[in-house]
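Before any comments, here is the structure.
The values are calculated or read from the model by the stated rules, or taken from the named source; none is laboratory data. The shown structure was predicted, so the numbers you read here are calculated from the model rather than taken from an experiment. Cβ coordinates were reconstructed from backbone atoms using ideal geometry, including for glycine residues, and neighbour counts include every protein chain displayed.
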Amino acid sequence: MLARNTDLNGVISSVEQLEARFNRKFNYPWVFLNDVPFTTDFKRRVSVLTDADVSFGVIPRENWVQPDWIDEGRAQEGRNKLVRQGVIYGGSVSYRNMCRFNSGFFFRHELLTPYKWYWRVESVVHYIDELGSDLFCRPDVRYYCDLDYDPFLFMEEHDKVYGFTISMPEWEPTIPSLWSTVKDFITEHPQYVSPDNSMDFLSDNAGDSYNMCHFWSNFEIADMDFWRSEAYTKFFEYLENTGGFYYERWGDAPVHSIAAALFTRRDQIHFFKDIGYKHAEFAHCPQGRLWREGHCSCDPNDNFGAIILRNSPCETNDGTDFAQNSCLRHFM
Ligand code: GDP
Ligand code: MN
């Protein structure tokens, strides 16, 4: 879990839920990472929530901050443009640091190198952007259901690489040149593309253009050896060298999703339809038998793979049907 000291209440909420619904039975270790040291208070309040091992790490500076070779003038222009377009986190450098770290570095952190499997966990965040102008309301992170089996063993036993719960389209202005960069990469390195890939999840015209579909990476259960592989290492370096994480605002969700869809087999990507999860306005609620057996607290009628919760206190939706936006139909 990546978190700031100021995220403490949200972190406690997420850890408390996951411990009660899952980890109390399994006792998997928790790893918390931050770009600055966690406070004593943070560590004390979080450690008390579990009997499992808990470790707290600091991210090496060179894996977090904007690299020196980035042209700051051009980066500033890119940020201004997204601010003018009203794109969330458009003006934020720290958000870009976070996306780049999650894309290329978390799995190389010394606290994570002993591990192969991870579950990425997030918290409620009330975020004030660096310009101080906007308060984005991030209402909730919820884990709705009991999980009685071990999802890591499931992944291993079924030869899976990447697991998700929610999929949706990315906001195009954040990644204008990502797809052409991806196409250049696969032209130069065709050997990394799986013959049994999921290009049709990403593209409605056999790879010509990107349909913006991605797996929402604030929830991931996945194999870090995939991110450490030659294919992904080369892919990340290629993306990194364009500066797109800073000149544009490339998210780790499309970056991870494109790599998983192209460099693994289709059957190595798993939809955890039995894990109830909500992040901000979007939720996945398991259906039927899964809802009953999971003792889920979500409303099963409110589920379309990705929905906006109408009565959310942070509701900003003008009536757009976000259900239409789920990318699940591209995956099934
Ligand atoms: P969103 O889900 O795309 O809206 O992004 P969030 O603001 O939720 O950030 C994703 C995760 O990264 C959350 O768990 C945050 O706590 C964490 N995060 C975001 N920015 C920073 C940062 O500057 N420092 C640290 N340590 N964590 C951050
Ligand atoms: Mn978040």
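Are any residues in segment 80-126 among the basic types (Lys, Arg), over 26 Å from ILE275 (Cα atoms) and touching a Phe, Trp or Tyr at 6+ places or on another chain (Cβ under 8 Å), and if so, which ones?
Here is the first cut: in segment 80-126, the residues among the basic types (Lys, Arg) are 81, 84, 96, 100, 108, 116, 120.
Then keep just the ones that are over 26 Å from ILE275 (Cα atoms); that gives 81, 84, 96, 100, 108.
Within segment 80-126, ARG96, ARG100 qualify.
Any chance you could count how many residues in segment 169-226 are outside any helix (DSSP H, G or I) and among the aliphatic types (A, V, I, L, M)? Before the answer, list the steps.
Going residue by residue through segment 169-226, those that are outside any helix (DSSP H, G or I) are 169-171, 175-177, 189, 193-198, 203-223.
Next, only the ones that are among the aliphatic types (A, V, I, L, M) stay: 175, 193, 206, 212, 221-222.
Residues that pass the stated criteria total 6.
Which of the residues that make up segment 90-113 are of a type in the set (Lys, Arg) and more than 10 Å from PHE245 (Cα to Cα)? Give the steps one after another, and end with the answer.
Within segment 90-113, the subset of a type in the set (Lys, Arg) is 96, 100, 108.
Matches in segment 90-113: ARG108 only.
In segment 216-231, which residue that is over 18 Å from ILE275 (Cα atoms) and surrounded by fewer than 22 Cβ atoms within 10 Å (Cβ to Cβ) is farthest from ligand 1 (Cβ to nearest atom)?
For segment 216-231, the residue satisfying everything is GLU230.
Only one of (1) surrounded by fewer than 19 Cβ atoms within 10 Å (Cβ to Cβ); (2) in contact (Cβ under 8 Å) with a residue 24 or more places away in the chain; (3) closer than 21 Å to SER180 by Cα is not met by VAL255, so which one is it?
Failed condition: (1).
Answer yes or no: is there a residue in segment 115-128 that is under 22 Å from PHE56 (Cβ atoms), part of a helix (DSSP H, G or I) and in contact with a strand residue (DSSP E or B) (Cβ under 8 Å, 6 or more places away or on another chain).
Checking segment 115-128: not a single residue is under 22 Å from PHE56 (Cβ atoms), part of a helix (DSSP H, G or I) and in contact with a strand residue (DSSP E or B) (Cβ under 8 Å, 6 or more places away or on another chain).
Within segment 116-133, work out how many residues are surrounded by 17 or more Cβ atoms within 10 Å (Cβ to Cβ) and either more than 12 Å from ligand 2 (Cβ to nearest atom) or at pLDDT below 50 (or both).
Total satisfying the criteria: 4.
Restricting to segment 26-56, what's the tally of residues that are under 16 Å from TYR118 (Cα atoms) and either away from ligand 2 (no atom under 16 Å from the Cβ) or touching a Pro at 6+ places or on another chain (Cβ under 8 Å) (or both)? Before the answer, list the steps.
Start the filter on segment 26-56 by keeping residues that are under 16 Å from TYR118 (Cα atoms), which leaves 26-33, 52-56.
Filter once more, keeping what is either away from ligand 2 (no atom under 16 Å from the Cβ) or touching a Pro at 6+ places or on another chain (Cβ under 8 Å) (or both): 26-31, 52-56.
Adding up the residues that qualify gives 11.
Rundown of residues vs (1) of a type in the set (S, T, N, Q); (2) surrounded by fewer than 18 Cβ atoms within 10 Å (Cβ to Cβ), yes/no style:
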{"position": "VAL11", "(1), (2)": "no, no"}
{"position": "VAL15", "(1), (2)": "no, no"}
{"position": "ARG21", "(1), (2)": "no, no"}
{"position": "PHE26", "(1), (2)": "no, yes"}
{"position": "PHE32", "(1), (2)": "no, no"}
{"position": "THR40", "(1), (2)": "yes, yes"}
{"position": "VAL48", "(1), (2)": "no, yes"}
{"position": "ARG61", "(1), (2)": "no, yes"}
{"position": "GLU72", "(1), (2)": "no, yes"}
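Would you confirm whether any residue within segment 247-256 is part of a helix (DSSP H, G or I), within 20 Å of SER229 (Cα to Cα) and of a type in the set (A, V, I, L, M, F, W, C)? Give the derivation first.
Filtering segment 247-256 down to residues part of a helix (DSSP H, G or I) leaves 247, 252-256.
Restricting the remaining residues to those that are within 20 Å of SER229 (Cα to Cα) gives 252-256.
Those left that are additionally of a type in the set (A, V, I, L, M, F, W, C): 253, 255.
Checked segment 247-256: at least one residue is part of a helix (DSSP H, G or I), within 20 Å of SER229 (Cα to Cα) and of a type in the set (A, V, I, L, M, F, W, C).
Restricting attention to segment 305-332, which residues are modelled with pLDDT of 65 or more, surrounded by fewer than 16 Cβ atoms within 10 Å (Cβ to Cβ) and either of a type in the set (D, E, K, R) or not in a loop (DSSP other than H, G, I, E, B) (or both)? Spell out the reasoning first.
If we filter segment 305-332 for residues that are modelled with pLDDT of 65 or more, which is where we start, we get 325-332.
Next, from what is left, pick out any that are surrounded by fewer than 16 Cβ atoms within 10 Å (Cβ to Cβ): 329, 332.
Of everything in segment 305-332, just one residue is modelled with pLDDT of 65 or more, surrounded by fewer than 16 Cβ atoms within 10 Å (Cβ to Cβ) and either of a type in the set (D, E, K, R) or not in a loop (DSSP other than H, G, I, E, B) (or both), namely ARG329.
Can you find even one residue in segment 85-94 that is polar (S, T, N, Q), surrounded by 14 or more Cβ atoms within 10 Å (Cβ to Cβ) and within 12 Å of ligand 1 (Cβ to nearest atom)?
Narrowing segment 85-94 to residues polar (S, T, N, Q): 85, 92, 94.
Now restrict to residues that are surrounded by 14 or more Cβ atoms within 10 Å (Cβ to Cβ): 92, 94.
Those left that are additionally within 12 Å of ligand 1 (Cβ to nearest atom): 92, 94.
Yes, some residue in segment 85-94 is polar (S, T, N, Q), surrounded by 14 or more Cβ atoms within 10 Å (Cβ to Cβ) and within 12 Å of ligand 1 (Cβ to nearest atom).
Cβ contacts < 8 Å: first residue over 25 Å from TRP171 (Cα atoms), restricted to segment 185-214; second residue in a loop (DSSP other than H, G, I, E, B) and not aromatic (Phe, Trp, Tyr), any location; separation 6+ or different chain. Result?
So the pair list comes out as SER194/THR264; SER194/ARG265; ASP196/ARG265.
Can you give me the ranges of the helices (runs of 4 or more DSSP H) entirely in segment 1-96 with at least 1 residues that are in contact (Cβ under 8 Å) with a residue 60 or more places away in the chain? So that I can check it myself, show each step before the final result.
Working: elements: 8-18, 40-47, 72-84.
Here the list reads 8-18, 72-84.
Checking the conditions here, which among ILE221, ILE175, ILE186 is modelled with pLDDT of 95 or more, more than 28 Å from LYS116 (Cα to Cα) and touching a helix residue (DSSP H, G or I) at 6+ places or on another chain (Cβ under 9 Å)? Break it down stepwise before answering.
Values: ILE221 fails: more than 28 Å from LYS116 (Cα to Cα); ILE186 fails: more than 28 Å from LYS116 (Cα to Cα).
Answer to the selection: ILE175.
Given the criterion within 23 Å of ASP146 (Cβ to Cβ), of a type outside the set (Gly, Ala, Ser) and modelled with pLDDT of 90 or more, identify the matching residue among ASP274, ASP302. First the steps, then the outcome.
Numbers: ASP302 fails: modelled with pLDDT of 90 or more.
Exactly one residue qualifies, and that residue is ASP274.
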